[in-house]
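Here's the structure, in structure tokens; my notes come after.
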Amino acid sequence: MDETDKQILRALQCDGRVSYADLGPTVGLSAPAARARVQRLIDTGVVRVVGVTDPIALGLPTMAMLGIRADGDIRTTADAISACEGVMYVVLTAGAFDLFVEVVCHTPAELLTLVNDRIKPVPGVTHVETFTYFGIHTPRFVRDVP
């Protein structure tokens, strides 16, 4: 990645929907050259353009991070948990927990059902600790590109 690629990444972090006509001059390229650079970054897996949602705006105000301890192959456990509706992402970790799982639900009762009835019974799960969110203090989608 050269400096132009890094400038493109910074611009896309601020506005992933920026037009190539606007992006090109911002980073010192023509629109077609900017389009080609972005496509190369996508094709190589450096960039993935996605829509980021706000769970509260979607009617899912009950959010939590689950710290999960598991035995056996944690990848198999992670795959099973990933299939549960309401699971936003699953992270394999080292330390006190084997997995971190972010979940969103409509109500606290729905969160209880998700944790107690769908996640705890997953083979391999030995312990679930629930950290309910009061709110998201610092959503950060813009990162400095090294």
Practice task
With respect to ILE42, determine if the residue is over 22 Å from THR113 (Cα atoms), open to solvent by less than 70 Å² (accessible area, probe 1.4 Å) and of a type in the set (A, V, I, L, M).
Solution key: yes
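How many residues does segment 40-50 hold that are free of Cβ contacts under 8 Å to residues at least 12 places away in the same chain and closer than 14 Å to VAL18 by Cα?
The qualifying residues number 0.
Looking at ALA70, ALA34 in this structure, which one is under 24 Å from SER19 (Cβ atoms), over 16 Å from the mean Cα position of the chain (by Cα) and surrounded by 11 or more Cβ atoms within 10 Å (Cβ to Cβ)?
Only one candidate qualifies: ALA34.
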Practice task
Would you please name the residue that is most open to solvent (accessible area, probe 1.4 Å), looking only at residues in segment 73-82 that are closer than 17 Å to ALA96 by Cβ and touching a residue at least 24 places away in the same chain (Cβ under 8 Å)?
Solution key: ILE74
Problem - Residues located in segment 1-31, provided they are under 30 Å from GLY86 (Cα atoms) and open to solvent by 90 Å² or more (accessible area, probe 1.4 Å) - result: CYS14, ARG17
Handout entry: Pick from segment 83-128, criterion among the acidic types (Asp, Glu) and under 20 Å from the mean Cα position of the chain (by Cα), ranking: most open to solvent (accessible area, probe 1.4 Å)
Key = GLU85
Practice task
Taking the options ALA31, ALA94, ALA11, ALA57, name whichever one is modelled with pLDDT of 95 or more and hydrophobic (A, V, I, L, M, F, W, C).
Solution key: ALA31
Problem - Filtered residues of segment 2-11 (kept if of a type outside the set (D, E, K, R) and in contact with a Leu (Cβ under 8 Å, 6 or more places away or on another chain)) - result: THR4, ILE8, LEU9, ALA11
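The values are calculated or read from the model by the stated rules, or taken from the named source; none is laboratory data. Values in this document were obtained by computation on a predicted structure and should not be read as measured data. FYI the Cβ positions are ideal-geometry reconstructions off the backbone, even for glycines, and counts take in every protein chain you see. Ligands, DNA and RNA are excluded from the accessible area calculation, which covers all protein heavy atoms including side chains. Shrake-Rupley method; radii C 1.70, N 1.55, O 1.52, S 1.80 Å.
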